[in-house]
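Step one of this worksheet: look at the structure below.
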Amino acid sequence: MKYFILSILLGVLIISFSSFRDVIEIKKSAPQQKSTPMTRGKVVYTQYCMPCHQVDGSGVPNLNPPLINTSYVLGSKATLVQILVKGFNKGVEIDGDFYSNPMPAQALSDQQVSDVLTFVRNSFGNKATAVTVAEVKALKSKLK
Amino acid sequence: MRLKKNFLLFASLFMGMSCTIAQNKNNDVHIKVPTGFSNSVVADGVGRARHIAITDKGDLYVKLNRLEGGKGIVYLHDSNGDGIYDQRKSFGDYVGTGIYLKNGYLYASSNDDVYRYKLDANGLVIHPDSPERIVSGLINRRQHESKSIVLDNGGNIYVNIGAYSNSCQEKDRQTGSMGVPGCPLLDSAGGIWKFKADQMNQTYKDGERYATGFRNVVGLDWNQKDNSLYVMQHGRDQLTMFPQYYDEKTSANLPAETFYKVPKGGNGGWPYSYYDQNVKKKIISPEYGGDGKKEYTGTALDPLVGFPAHMAPNGLLFYTGNQFPEKYKNGAFIAFHGSWNRSPELQEGYYVAFVPFKDGKPSGDWEIFADGFAGVEEIKTPGMAKHRPCGLAQGPDGSLYVSDDSKGTIYKISYHK
């Protein structure tokens, strides 16, 4: 129960934090009309990831895992690039829960992979380093 | 003698695991029911409560989708007659969805197998740790893997085997990927299989593909009135994978969740077609040459009702009791688990609906019967929902029981004259 309340609080914090961020992003980029990895990443996220992982990254219980502070999201860039490029069907366990749905490979350009991973790693309360296009290229070449 | 020994064994096993639950009236949400009906929480924190079954004595068996203390079936008993289940015992070391009572046996399914347990005169399982395995080796590929079960009156058990795919694309759930010609997975999934209820160790070859073209059925029931199988299908997701024909909003509202009467050999039309509830037509799937408008002319059953999209019908029950008003007699209750495939639109469902029946056919519009399980006004993501209706059962007094697989709350809905 305690954890439940905690996670709700955390969720509220995350939601308000991420919408606050958006406001800043838009204000900053609007005058020069300059796109950033975060704004571009959000577009990719909305089109390709949101149906399953949901607008706030909370996922779908028992079906699609959350993208909030998971070891995958915050962890190895090589694994993340692999998940996006190759798809993922291992049956990950996050906090004792399993997700019975496979994640399809995503047909994205290196730029889009870099943008969406940077966006996910810095949204929904996550804080991790950006993933550059050069890193995506290098990691992808090692996959084959 | 043997019986007695078994009973003792069972009793002692259960004693070890049983616990008395503090009377937990966790009414954290307000469930709205029609005038004259009341609703109460009869058990809480049971776990991932999927389908449920009630004995003649009013005891409840609950199938769990995640093990609690290593066990996947919970038995609930009301020891002092106050209507609250205050005793809980568990057994079965497998997760799953299906559970059904018939002719002195409890039937339960994992995501691969079907088991049965003999009951004593009081409806208690005699050998909780050694069920008889009646079916094994059913396809479980981590998508639509639950195996819902129901029995007819002729000694047969019907098992749903969901398709391990959204729409049988070459590449599952990938934008623009076309359908595999002749969708080969239908040979062993995407349909309802029929097995003998009293024959051990059956596999695919011993059973019969009773009906095909059903993407995923979770709620199903045997209608005693016309002696037929009825199912609720989960319609396909992500029509936006074909953005030239479907925008986000259209995809959030299509296709219908469909309700069928299923004769032997019946075909639900998946993956080649889907049902558009707005134009009331079967439409060719975009994976198989459709454009969102072209009508499907192949063989497929017409649904009895097309409900709004993506609401995930997980429980179906024909009401045969005498407690509810006449209008409900022989009608169908449907538990909608609630949607996820509608974002960024608000999510829908998270309620129990009712379809009135007369002479084996729906006799009026469907309506929401019990609502408010999610406990929030606007459901943006399924994670926000406090409770999610999943299983349904009819108690010996004619009350309706609803299980929730989010917090494991069991609701009882009764009518008072």
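Observations on the model:
- Scanning region B:249-264 for residues that are within 19 Å of B:Val279 (Cα to Cα) and open to solvent by 70 Å² or more (accessible area, probe 1.4 Å) yields one hit, B:Lys249.
- Condition met for B:Lys71 (away from every other protein chain (no Cβ under 14 Å) and at pLDDT 95 or above): yes
- Within region A:56-74, residues that are without any contact (Cβ under 8 Å) to a residue 60 or more places away in the chain and at the interface with chain B (Cβ under 8 Å from one of its Cβ atoms) sit with their Cβ atoms under 7 Å from residues that are aliphatic (A, V, I, L, M) and not in a loop (DSSP other than H, G, I, E, B), at 6+ positions apart or across chains, in these pairs: A:Pro66/A:Ile94.
- Boolean, A:Gln47 is within 10 Å of another protein chain (Cβ to nearest Cβ), open to solvent by 80 Å² or more (accessible area, probe 1.4 Å) and modelled with pLDDT of 85 or more: yes
- B:Ser90 vs. criteria farther than 18 Å from B:Asp206 by Cα, within 14 Å of chain A (Cβ to nearest Cβ) and among the hydroxyl-bearing types (Ser, Thr, Tyr): no
- For region A:110-144, filtering for residues that are within 14 Å of chain B (Cβ to nearest Cβ) and within 12 Å of A:Gly41 (Cα to Cα) leaves 1.
A quick yes/no check of all residues on (1) in contact with a Phe, Trp or Tyr (Cβ under 8 Å, 6 or more places away or on another chain); (2) not in a loop (DSSP other than H, G, I, E, B):
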site: B:Asn39; (1), (2): yes, yes
site: B:Val42; (1), (2): yes, yes
site: B:Arg50; (1), (2): no, yes
site: B:Ala53; (1), (2): yes, yes
site: B:Asp56; (1), (2): no, no
site: B:Leu64; (1), (2): no, yes
site: B:Ile73; (1), (2): yes, yes
site: B:Gly81; (1), (2): no, no
site: B:Leu101; (1), (2): yes, yes
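- Meets criteria (away from chain A (no Cβ under 14 Å), aliphatic (A, V, I, L, M) and on the phi < 0 side of the Ramachandran plot) for B:Val218: no
- Selected residue (only one of B:Tyr230, B:Tyr274, B:Tyr246 is touching a residue at least 12 places away in the same chain (Cβ under 8 Å) and closer than 18 Å to B:Ser165 by Cβ): B:Tyr274
- Candidates B:Tyr246, B:Tyr288 - the one that is surrounded by fewer than 21 Cβ atoms within 10 Å (Cβ to Cβ) and either away from every other protein chain (no Cβ under 14 Å) or among the hydrophobic types (A, V, I, L, M, F, W, C) (or both): B:Tyr288
- Test set (1) in contact with a strand residue (DSSP E or B) (Cβ under 8 Å, 6 or more places away or on another chain); (2) away from chain B (no Cβ under 12 Å) - A:His53 fails condition number: (2)
- Against the conditions (1) within 14 Å of chain A (Cβ to nearest Cβ); (2) surrounded by fewer than 22 Cβ atoms within 10 Å (Cβ to Cβ); (3) not aliphatic (A, V, I, L, M), B:Gly179 satisfies every one except (1).
- Unmet criterion (only one of (1) assigned to a strand (DSSP E or B); (2) surrounded by 21 or more Cβ atoms within 10 Å (Cβ to Cβ); (3) away from chain A (no Cβ under 14 Å)) for B:Asn314: (3)
The values are calculated or read from the model by the stated rules, or taken from the named source; none is laboratory data. For clarity, every value in this text was computed on a predicted model and none was experimentally measured. Cβ sites come from the backbone with ideal geometry, for glycine too, and all protein chains shown count toward neighbours. Calculation scope for accessible area: heavy atoms of the full protein, side chains included, ligands and nucleic acids excluded. Shrake-Rupley method; radii C 1.70, N 1.55, O 1.52, S 1.80 Å.
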